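Reading through the structure tokens given below for one structure.
The values are calculated or read from the model by the stated rules, or taken from the named source; none is laboratory data. Only a predicted model underlies this, so the values are computations on that prediction, with no experimental measurement involved. Every residue, glycine as well, gets a Cβ built from its backbone with ideal geometry; the counts of neighbours run over all protein chains shown. Just the protein is used for accessible areas: all its heavy atoms, side chains included, with ligands, DNA and RNA removed. Shrake-Rupley method; radii C 1.70, N 1.55, O 1.52, S 1.80 Å.
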Amino acid sequence: MESAVLFLSILVLGRAAVIPNECKITEVLNDKLQYEKRLMYMSDYFPLDYKFLVKHEEVLRCQNITNLRNQGIPVKELRYLWGIVNERILFKMKSALPGRHPSLQYVTDLAAIFKELLKIRQQVSNEIILGILTRLKVPNDVADRKPVRPKALLDNCFKVLHELHREDCSLSNPRKQTACYRGAGTTGD
């Protein structure tokens, strides 16, 4: 209940003005992406082995973030990339779900949080990130896409959230599954 009130407060404030504290938004996102909610909305409510076809760049894993960091890309630009990638994924999910699907409101709420989060992001100047963003916009063949389970996409989102914000924001993780570490759980199919 408390998280729902916080979520609505952030959306109301966000419409009136840009929220200066990114951590407040990431805390709401962290709450929405807890394991139990991802399991219920992205696994239990979907047919067994249901997968979305996504571009290679839309599967943003911790390893991708680590590789980009090692190339000297600033965290702010990685956060922007993460926000854009997940906003696209949520848009795809939302457009694929029927109007009365039990996961539709969950996906809509997540998309609204990402929309608010992207309002406070700076534009990128790094050529590598710009190249990835360009490839995301280019239409490609369905044959060039890979099938990924919806929960795996949001598992990646959650793990990268913690990887990119752990130094600046105190995010709770009761299951201790922030797993951008070796041997971590599912990162995509």
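Using the Cβ-Cβ distance between A112 and Q71 with R0 = 30 Å, the FRET efficiency computed as 1/(1 + (r/R0)^6) comes to roughly 0.40. Under 17 Å of direct C-alpha separation, and excluding same-chain neighbours fewer than eight residues apart, K151 reaches these lysines: K32, K37, K51, K55, K92, K94, K159.
Rounded if a/c is under 1.5, else prolate if a/b beats b/c, else oblate: with a ≥ b ≥ c from the C-alpha gyration tensor eigenvalues square-rooted, which is segment 16-100? The shape class here is oblate.
Solvent-accessible surface of segment 39-172, averaged per residue with a 1.4 angstrom probe and all protein chains in place: 50 square angstrom. One chain, two ends: C23 and D168. Fully extended at 0.36 nm per residue, the span grows by 51.4 nm beyond their Cα-Cα distance.
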